Amino acid sequence: MRTKHLIIATILLFASTTVRSQDAKEISTKALNVTDIDAMEMTSTLTIMDAKGHERIRKTSTASKKFGETTKIITKFTAPADVKGTGLLVYDYENKNDDMWIYLPAIRKVRRIVSSEKGKSFMGSEFSNADMSKPNLDDYTYKTLGTEEYHGIMCWKIESVPMNDDLAYDNGFSKKIALIDKNSYFTYKITYYDLNNELHKEMTISGYDEVGSGMFLARNMVMINLQNGRKSILTIDQLQNGSSLTENSFTPAALEK
Amino acid sequence: MKYKFIIIPVFLWLLSGSCYAQGLFENTVNQADDEHKLQIDFSGYGRASAYGGSNFYDYSTLFAEFGIQGKLACKRALLFTDLRLRAGSQFDSLGIKLQMKETYVGYQSDKIDVYLGAKIVSWGRMDGFNPTDNITPYDYFFLTADPDDQKLPNFLLQTRWYITPQINLELIAIPIYRPSVYRYDLFDLGEYTTFVAPALPDNTFKNGSLAARFNFDLPNTGFSVSWFRGYDPFYGFNVYDISWEEFAPSIQLQAQPYLKNTFGADFDIPLGSWVLRSEAAYNLTSAYQDSMYIPNPDISYVAGVEHSFRGVVTILQYIGKYTIDFASLDDLPPPENLNDMIIRELAAFDRKIFYQQEKTNHALSLSLSKRFAHETMNSELMGYYNITSEEWFIRPKFSWKITDNLETGIGGMYYAGPDKSVFSYASDVLNGGFVELKVSF
């Protein structure tokens, strides 16, 4: 009888854990989908500040469009002069490694690059390459840590842990905790822990604008490195919902133009 | 009258095509002026560059340069120019030079691009060793911190037809041959050897070059097949004259380009966090048995891998060559006289510059680069070793972006090889260090 109670309790414990786990993933999926725009064009400014407040500024122009199951993203750097003309093309797949090409004016060639080391710094900023593309949801396990109020808004507190050590190394963090609006599913804050499980970076996201039917895009992202005091700000300057660009504009050859 | 009817619709079609509304992405990339739809973009730089320390030259290159790049786009029409004004010294020759790095006009659309003018074209997927790239000439003796400075434009007509988003066909016509720059006159080839003006092909239709490339950029692989017919920018040397004064020979050499057909192919494949690349070319020449400046037909091939080891981008390449119809000079009957001996020695020199001194030639190259200090600093190391000829070089470079507009670079180049090898001759001229300071705007 005692054993029976123990089994029932164990089953209930596993069941409740599974339900919580699915909920957390569902919330993360909804949070991702609310900003998953089929096509758009934008210009943005990336401000990189060191601990002393010295600034470096990068300006980019980006177009993104979904063709079939693949989201294709082309980015061209428009400032400063030394990186101007550099182009990056990403074919963002749901369940496999992305295809990526880069065009460097200095070598006048388009080169295929691999999308490993997503945890590497994006253009020397505190953002990582992983922050610049849509994450693969199946790469993580999810857990709801409860709820938390953020600037008067009730949020889910969701923990995401990479499935294995390789994914953790690739993404550059051991876990991240996101605050997701319980109503709108907007993500307002993500806290990153480094591979030693120490608090590393904190990203705050604001300025959600509706760009389509039920689709939103955040205009401001601020990433603070809590270990070295550096800070990077990504601001969307101009935004256009939809894109008239054809698939020919999202090819390696188009990077050279 | 008939032609008039053809020309007018074509003109109207071009105009109508050009009056399309552009999106935010294209407008921003091309710096559109909203009112006139004339897109103008200027950028440029100033730099001071020094390269020196070789056995023969304390200052190989020492100059100040102002460069400006301008891009004007009016709807689908395009004008691009890259002009450089340089003052300084190159191998003890002082002067001011205006260089048109590139200037071309063109028509760009979703389906087809057409460019005409002085333009640089880079073919091939490998790094630094591209057997399929027979189009772009190089000035190997313009020594700076930036290897791109050595690329020279051709006057050419280039069209690219986008058959599908993944497949395009590129056609290139180069009416006038432009050779690469090899300053063998700077080498110590002995006191009896001099160079006369090169024997360049006449500017006729038949001496022009044609090239075509089918390029496929698929999600899991990229590959291309290509063809080139024309004079190779990488020319050979012929004996112009050998005369004797008492017991001393006077040998006059002449650069002489040769005609060839090249069939090439290349590919790249991403495999997880690795990229595999390869490129090969089948070079066909004729009359090579009678002319020392024409290399034998050969198959040149390069295979490499790229991977990032803890942030160090590592590219390892094997560079090989198989010479068809190879006959060793050692197997020939002994020279009958001194002139024959000199000619044979010079034929051996031509074989060295073509890497055809053996039936097969094997070489390795390794490139390491790492960005650090939040990508404001970059260190690179490039090494090459030719297993067959035992020649090698190494090229370290360090660059630092002090601010967004100010960058400095420092590094060096060191060639070495057995006595009388090409790298041995080059080492006296090309070895040295460089430093550069550049402001971009």
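How much net charge surrounds B:PHE372 when only other residues with a Cβ under 13 Å from its Cβ are counted (Lys, Arg +1; Asp, Glu -1)? Walk me through the intermediate numbers first.
Numbers: positive: A:LYS120, B:ARG310, B:LYS370, B:ARG371, B:LYS401; negative: B:GLU375, B:GLU380.
Summing Lys and Arg as +1 and Asp and Glu as -1 gives +3.
Note on A:SER213/B:VAL305: beta-carbon distance plugged into 1/(1 + (r/R0)^6) with R0 of 41 Å gives a FRET efficiency of 0.30. Applying the criteria of a DSSP loop state and at most 11 other Cβ atoms within 10 Å to the GluC sites (Glu not before Pro) of the range B:221-296 yields B:GLU246.
Per-residue surface analysis assigns B:GLU306 an accessible area of about 30 Å², computed on protein heavy atoms at 1.4 Å probe radius.
Counting only other chain Cβ atoms within 10 Å of each residue's Cβ, the peptide A:248-254 averages 6.
Is there a pair in A:LYS84/A:LYS118; A:LYS201/B:LYS397; A:LYS72/B:LYS119; A:LYS72/A:LYS182; B:LYS111/B:LYS260 whose C-alpha atoms are over 26 Å apart, and which pairs would that be? Write out the running numbers ahead of the final one.
Values: A:LYS84/A:LYS118 23 Å; A:LYS201/B:LYS397 33 Å; A:LYS72/B:LYS119 29 Å; A:LYS72/A:LYS182 30 Å; B:LYS111/B:LYS260 31 Å.
From A:LYS84/A:LYS118; A:LYS201/B:LYS397; A:LYS72/B:LYS119; A:LYS72/A:LYS182; B:LYS111/B:LYS260, over 26 Å: A:LYS201/B:LYS397; A:LYS72/B:LYS119; A:LYS72/A:LYS182; B:LYS111/B:LYS260.
Find, among the GluC sites (Glu not before Pro) in the range A:85-162, those assigned to loop by DSSP (not H, G, I, E, B) with at most 16 other beta-carbon atoms within 10 angstrom. Mind dumping the intermediate values first?
On the way: sites: A:GLU94, A:GLU117, A:GLU126, A:GLU148, A:GLU149, A:GLU159; in loops: A:GLU94, A:GLU117, A:GLU126.
For GluC sites (Glu not before Pro) across the range A:85-162 that sit outside H, G, I, E and B with at most 16 neighbouring Cβ atoms in 10 Å, the list reads A:GLU94.
The trypsin sites (Lys or Arg not before Pro) of the range B:390-441 that DSSP puts in a loop, and whose beta carbon has at most 15 other beta carbons within 10 Å, are B:LYS420.
Helix-derived [θ] at 222 nm for chain B: sum -39500 (n - 2.57) over DSSP H runs of at least 4, divide by residue count, nearest 500? Working shown, then result.
Details: 4 runs with 48 residues, N = 441.
Mean residue ellipticity at 222 nm (helix-derived): -3500 deg cm²/dmol.
With all pairs of separate Cα atoms included, the range B:264-342 yields a Kirkwood hydrodynamic radius of 15.9 Å.
Counting pairs of alpha carbon atoms under 8 Å apart in space and at least six apart in sequence, what relative contact order in percent does the range B:120-440 give? It would help to have the intermediate numbers written out before the result.
On the way: 763 pairs, mean separation 39.1, N = 321.
RCO, the range B:120-440: 12 percent.
Seen from B:GLU345, the other residues with C-beta closer than 14 Å to its C-beta sum to a net charge of 0, counting Lys and Arg as +1 and Asp and Glu as -1. Translational diffusion coefficient of chain A at 37 °C, 0.692 mPa s, Stokes-Einstein with Kirkwood Rh over Cα pairs, in µm²/s as a whole number. Taking Rh from Cα pairs, D becomes 166 µm²/s. Counting only DSSP H runs of at least 4 residues, each contributing -39500 (n - 2.57), and dividing by the residue count of chain A, the helix-based mean residue ellipticity at 222 nm comes to -5500 deg cm²/dmol. Among B:SER226, B:SER209, B:SER328, which one moves the most in a GNM of chain B with springs linking Cα atoms closer than 10 Å? Maximum among the listed residues: B:SER328.
The alpha-carbon of B:LYS420 sits under 18 angstrom from the alpha-carbons of these lysines, leaving out residues fewer than 8 places away in its chain: B:LYS352. Round to the nearest 10 and give me the degree value, 0 to 90, for the angle of helix B:338-353's Cα axis relative to the longest principal axis of chain B. The answer is roughly 30 degrees. Both radii were evaluated on the Cα set of chain B; the Rg over Rh quotient, with Rh as the Kirkwood radius, amounts to 0.98. Size descriptor for the range B:307-441, Kirkwood hydrodynamic radius: 17.9 Å (Cα pairs only, one decimal).
Taking chain A as a Gaussian network of alpha-carbon nodes connected by springs under 10 Å, the highest mean-square fluctuation of the residues A:ALA218, A:ALA106, A:ALA39 belongs to A:ALA106. Of B:ASN339, B:ASN154, B:ASN431, the residue with the greatest mean-square motion in the GNM of chain B, using alpha carbon springs below 10 Å, is B:ASN339.
Ellipsoid fit via the Cα gyration tensor, the range B:55-179: semi-axes of 31, 18, 12 Å, each the root of five times an eigenvalue, largest first.
What does the net charge come to around B:SER122 if you take all other residues with beta carbon closer than 9 Å to its beta carbon, with K and R at +1 and D and E at -1? Provide the component values of the computation, followed by the final result.
Details: positive: A:ARG108, A:LYS109, B:LYS151; negative: B:ASP133.
Residues close to B:SER122 contribute a combined charge of +2.
Angle between the Cα long axis of helix A:2-33 and the longest principal axis of chain A, 0 to 90 degrees, nearest 10? Helix A:2-33 and the main axis of chain A meet at about 20 degrees.
Rg(Cα) of the protein assembly as shown divided by 2.2 N^0.38 Å? List each step's numbers first, then the result.
On the way: Rg = 29.5 Å, N = 698, 2.2 N^0.38 = 26.5 Å.
Compared with the compact-globule rule of thumb, the protein assembly as shown sits at 1.12.
In this label model, B:PHE398 and B:LEU276 are separated by 3.8 nm, measuring between points 7 Å along each Cα→Cβ vector.
The values are calculated or read from the model by the stated rules, or taken from the named source; none is laboratory data. Worth saying up front: this structure is predicted, and the values here are computed from it rather than measured. Glycine gets a Cβ as well: all are built from the backbone with ideal geometry, and neighbour counts include every protein chain shown. For the accessible areas, the whole protein counts, side chains as well, though only heavy atoms, and no ligand, DNA or RNA atoms are used. Shrake-Rupley method; radii C 1.70, N 1.55, O 1.52, S 1.80 Å.
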